[in-house]
Structures are given as C-alpha cells and as structure tokens.
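See below for the structure under consideration.
The values are calculated or read from the model by the stated rules, or taken from the named source; none is laboratory data. Quick caveat, the model's predicted, so the values are computed rather than measured. Reconstructed Cβ throughout: ideal geometry from the backbone, glycine too, with neighbour counts over all protein chains shown. In case anyone asks, the SASA skips ligands and DNA or RNA and just uses the protein heavy atoms, side chains included. Shrake-Rupley method; radii C 1.70, N 1.55, O 1.52, S 1.80 Å.
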Amino acid sequence: MTQTPLRALALFGAAAAVLAAPAAAQPAAANLEAGKARAQAVCAACHGANGVSIADTIPNLAGQRVGYLESQLRAFKAGTRKAASMNAIAAQLAPADITDVAAFFGSLAPGNLAAKSEQLPNLVKTRVTFPEGYRSTFRMYQTVNRADINQVRYLYANPVAWQAAREGRPLPAGSVLLLEQWAAKLDAERKPVVGAGGFYTPDRLVAYAVMSSGAGWGNDFPEMLRNGDWNYAVFNPDSTLRAGVNQADCLACHKPLDKINYLFSNEPLLAAAKR
Ligand code: HEC
Ligand code: HEC
C-alpha cells in the first residue's frame, strides 16, 4: 500500500515529535571512555581489557555486535540468561553502564581467536595462607552434597568467625572459612554412595577452597567485585596454593551475599554457632 502524502506527513510529524522529546526520554549516547574504564577495571579480569578473554570457557567480547552485547547484559541482569558470575555483575550495571560497556567492546577489533589475555595481577594475588592444623582448631559446621558434580563438601570456621557468629556480629578481620571438596565414592552405576545422614561417602580429597579476611585486603579489587575485605584461594590436597586461580570468579559469585558476610552458608554457620 502506498502512503498518501497526508499520512506520510502525519508520520513525519510523529517522528519529529519523538526527536523533539526531552533529553531524559531518549536513549543516551554511549560514553566510550566510561565503558573503557569499567572494562579495564572489572570485565578485563575475565574478558581481557581488549575483549580477548583469559580462558577458553569465557567468550571474547571484542568485535561482537553492540546490540547483541547489550541484549545479553540485559538478559543477565534480568536473570533470563543464567550464569552466576555474570548475573551478579550485570545486576550492578545501570542501563547507561550497559550502553557504555557494550559500545566499548563492540568498537574493538576481534583479534586472533587463538590468543588469550593475561589474568589481572591484582585478582591473582591473594593474601590467604593455608590454615595448618585447622582440623583441630576450626569447627565443622555444615556438610553439603553436590549432586551436580558428585562431591561432598565439609565447611569449617576458625575461632574468630565462630565467636562472631555465636554473638551475631558481622564476621570481623581474622575470620577464615574453609571448604573441603571430596569426590564422592561411586557405586557400580557410577552413582554416589550415600552414607550416614544422607550424605555422600567421601572418597578422594580434590581441593580446599578458603576465604579469609584482613583489614584492607579488599582494597586492590574493583568495587563491582570487592567482597568487603575477603580474599579467596584454592589449595591442592597437599595444601600448596593452586596457581592461576582467578579471584574474580570467587568474588563475582559470592558478591550478591554482601548482607550475609558474603557466605552461602551464613545461616547454617549462625545456627551451628548458637547451638
Ligand atoms: C568473573 C569473570 C567475569 C567477569 C569479571 C565478567 N564476565 Fe562476562 N562472562 C563471563 C563468563 C564465564 C561468561 C559466559 C557465561 C555463560 O556461561 O553463558 C560471560 C559472558 C558475557 C557476555 C555474553 C557474551 C556472549 O558471547 O554471549 C557478555 C556480553 C559479558 N559477559 C559482558 C561482561 C561485561 C561487560 C563485564 C564487565 C562489566 C563482564 N562481562 C565481566 C565471565 C565474566
Ligand atoms: C558459581 C558460584 C561460585 C563460585 C564461582 C565460587 N563459589 Fe564459593 N561457594 C558457592 C556455593 C554455592 C557455596 C556453598 C557450598 C556449596 O554448595 O558447595 C560456596 C561456599 C564457599 C565457601 C564456604 C563458605 C560459604 O560461603 O558458604 C568457601 C570458603 C568458598 N565458597 C570459597 C570459594 C573460592 C575460593 C572460590 C574461587 C576459587 C569460590 N568459592 C567460587 C558458590 C561459588
């Protein structure tokens, strides 16, 4: 159908009205500098400052379409696309921040697909040390079956954390939480063998995940990732520090728990300590 001149004029009028709408009602132009600053401080920890990611499991952002990047960030923010770390990060991005970072990464050249970016030194560096002798000084307060990965996990708190939990105080500097990760014993059908209390029977120690806090320890992390003054680390079964762990992963996933000491197990800890 062809438009009559009158109808075209009416449409033009409507478009002109939209163009003349007050600035606040219009999508703001992207601020590339702001997008770049955020990308370098936060996103770079996983996606690289130039949008070339640090690992095969993390998508490159350089050269992707701006509209696609924006739609994915909105989906992460809304929770309709699920990935714990990205949900936590996108939740902290205002609409204008999404426009800015998407425009920045979309403006970059795709680069060599085989390349990887370096991890950010401030997110690799950890102040956590292995708590030798923890089994005799820490309190074990929770056991968790992880059906998704056939693991059973034991959670421990040091005396500082335990005492604060007992008194209902926020966990202070000097608190240490340790999580033992055990591969569960599997039966002939490769299903976990369930033992006392419905918990999987531990077979082999896989790793220790530890979080520990100290005054000023969070200062080196960008605000969007920072968990107060907590630092994170993974230790091998022989208690040596596992190299190459990206604290950005730990920080991003634990970040939404900012009201409850950044602990997934805050409630079980409080309940156990008050018993
Ligand atoms: C802790 C690591 C980490 C940080 C920090 C991080 N991301 Fe991500 N991002 C990921 C991972 C992992 C995925 C893949 C998620 C999935 O499994 O769907 C992802 C996916 C994305 C995607 C979807 C890409 C695609 O190809 O579909 C976008 C867009 C994105 N991130 C943007 C950002 C922006 C912008 C920032 C900084 C504000 C950021 N990310 C910070 C780890 C991170
Ligand atoms: C995908 C989200 C996610 C990431 C990433 C993550 N954690 Fe956790 N963390 C959890 C969950 C969920 C629990 C509760 C126990 C469980 O289900 O295994 C937990 C529990 C813990 C605990 C016991 C205290 C608490 O919060 O309940 C420690 C210590 C810990 N994690 C350390 C780490 C370290 C170190 C890293 C980084 C190497 C890390 N976490 C990365 C989700 C995550």
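For this structure, a couple of remarks:
- Considering only V193, V124, V210, the Gaussian network model of the chain with Cα springs below 10 Å gives its largest mean-square fluctuation to V193.
- Of interest is the spacing of the C-alpha centroids, which for region 90-156 and region 213-267 amounts to 8 Å.
- Region 68-140 - convex hull of alpha carbons, volume per residue in Å³: 190
- Normalised contact order of the chain, rounded percent, pairs of Cα under 8 Å and 6 or more residues apart: 16
- When each full DSSP H helix of the chain is screened for a Cα extent of at least 20 Å along its own axis and an average Kyte-Doolittle hydropathy of at least -1.0, the helices passing are 5-19.
- As a fraction of the 1.4 Å probe accessible area of the chain, surface on carbon and sulfur atoms comes out at 59 percent.
- Per-selection Kirkwood Rh - region 30-118 (Cα, Å, 1 d.p.): 12.7
- Region 86-231 shape via C-alpha gyration tensor axes, a/c threshold 1.5: oblate
- Close amide H contacts of A207 (hydrogens built in the peptide plane, cut-off under 5 Å, sequence separation of 5 or more or a different chain): Q181.
- Rolling a 1.4 angstrom probe over the protein heavy atoms with all chains in place gives the chain an accessible area of 55 Å² per residue.
- Modelled FRET efficiency - R0 51 Å, N122 with R65, Cβ distances, 0.05 increments: 0.95
- Treating each Cα of the chain as one equal point scatterer and applying the Debye formula with no solvent, the log10 of I(q)/I(0) at q = 0.08, 0.10, 0.14 Å⁻¹ comes out as -0.46, -0.66, -1.08.
- Here region 167-245 is described by how far its Cα atoms reach on the three principal axes: 50, 36, 24 Å, from widest to narrowest.
- Two-decimal log10 I(q)/I(0) for region 93-178, as the Debye equation yields it once each C-alpha is a single scatterer, q = 0.17 Å⁻¹: -0.89
- Taking amide H as placed 1.01 Å from N in the peptide plane, R146 has its amide H under 5 Å from the amide H of Q151, V152, R153, each at least 5 places away in sequence or on another chain.
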